[in-house]
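Here's the structure we're looking at; comments come further down.
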Amino acid sequence: TSSSSSSSSSSSAPSTSDDIPVHTSVSHDAGPLWDAEECPDDVATIIPHRGSCRKRVLVLCTGGTLTMSNDPSQGNSLAPVQGALTSYLSNMVELTEDPEMPEIVSHEYVPLIDSSDMGPGDWAMIARDIETNYYHFDGFVVLMGTDTMAYAASALSFMLQNLSKPVVFTGSQIPLREPYNDARKNLIMAIIFASSDSVSEVTIFFHDRLIRACRATKVNTSKLLAFDSPNLDPLAEIGINIEENEHLFRPPPRGAFRVSTSMDTRLITLRLVPGFDDACIKQMIHAARETHLKGLVLQLYGTGNMPSLKDDLVH
């Protein structure tokens with residue numbers, strides 16, 4: 001069974017105190033993609049494949065640096081270009097000639113979405129498309145911008161419940177069109193891990209490591225090692241060989257796969273710093289109650305320590 005909502009998300013409609021906000025997206029659900037030959041060319045594309053591998057991977061692309069190319073409509077400046085990814089994939093001999101690589105079906109959302117504009121509705125759209133195509137593919141790759149990738153991947157790790165297949169998020173710091181880039185390796189390795197039999201969770205692959213999505217954070221905006229999981233070792237690292245930390249892999253789920261896309265966003269997150277003005281925080285909380293605040297997340301010091309002398313704020 002699925003508790004999927006009927007619409008997708010970056011903006012939300014007004015709600016009463018009892019209603020969960022409804023989020024919408026500038027794009028729309030892809031729907032069934034497993035029979036790509038029956039889909040219009042602008043919906044899904046099967047990447048030509050001469051190998052004998054029987055596995056199939058669905059690549060869902062929302063945009064991001066990886067998809068940037070010269071856009072004639074913007075004076076040939078670099079921008080995410082619709083259709084560029086599918087063109088690149090079709091010409092990558094690593095994907096089309098290697099007999100060990102899986103068959104790839106590619107879908108690009110229309111329009112492509114800047115990751116800074118993505119929110120719960122867009123995450124729900126991706127989750128629904130994975131749900132729709134779940135039993136027809138062996139794994140899934142989600143391509144998006146890096147700014148909010150950790151948030152999106154973490155959200156999907158909770159939305160896709162009892163997941164028994166790999167879902168791998170990736171992107172790049174340098175566009176795929178550039179002669180020197182990190183996009184090619186990230187994309188190829190994400191597809192390899194998406195066809196793996198040992199991964200059954202949502203992950204992020206970036207630079208040289210596969211990390212658990214709900215433990216990931218972006219740590220750098222200018223280096224190729226953009227993501228890390230500071231409190232958990234990588235699930236796998238690549239060098240000459242792929243080194244897997246098998247003891248960290250989640251066991252296969254015991255229940256049936258289901259998707260939950262209902263998310264209540266009526267919450268605020270506060271990161272406390274030494275010397276904070278608790279009167280300002282109290283005012284913020286009181287004001288938020290007028291919009292039916294449902295949750296408050298406090299980012300405290302160390303393992304969760306709060307100043308003991310600010311009794312008024314604690315009470």
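The values are calculated or read from the model by the stated rules, or taken from the named source; none is laboratory data. No experiment lies behind these values; they were computed from the predicted model shown. Backbone-built Cβ (ideal geometry, glycine too); neighbour counts: all protein chains shown.
Miscellaneous remarks
- Residue within the stretch 220-234 that is surrounded by 15 or more Cβ atoms within 10 Å (Cβ to Cβ) and either without any contact (Cβ under 8 Å) to a residue 12 or more places away in the chain or polar (S, T, N, Q) (or both) present: yes
- Within the stretch 167-194, the set of residues being outside any helix (DSSP H, G or I) and surrounded by 24 or more Cβ atoms within 10 Å (Cβ to Cβ) comprises Val167, Val168, Phe169, Thr170, Gly171, Ser172, Asp182.
- Per-region count, the stretch 287-315, residues of a type outside the set (Lys, Arg) and within 22 Å of Asp19 (Cβ to Cβ): 9
- Residues located in the stretch 19-37, provided they are at pLDDT below 75 and surrounded by 14 or more Cβ atoms within 10 Å (Cβ to Cβ): Ala36
- Whichever residue in the stretch 146-166 is in a loop (DSSP other than H, G, I, E, B) and hydroxyl-bearing (Ser, Thr, Tyr) and, among such residues, is surrounded by the fewest Cβ atoms within 10 Å (Cβ to Cβ): Ser164
- Assessment of the stretch 198-205 against the conditions (within 18 Å of the chain's Cα centre (by Cα), among the acidic types (Asp, Glu) and not in a strand (DSSP E or B)) yields at least one matching residue.
- Flag if Ile285 is farther than 24 Å from Ile191 by Cβ and assigned to a strand (DSSP E or B): no
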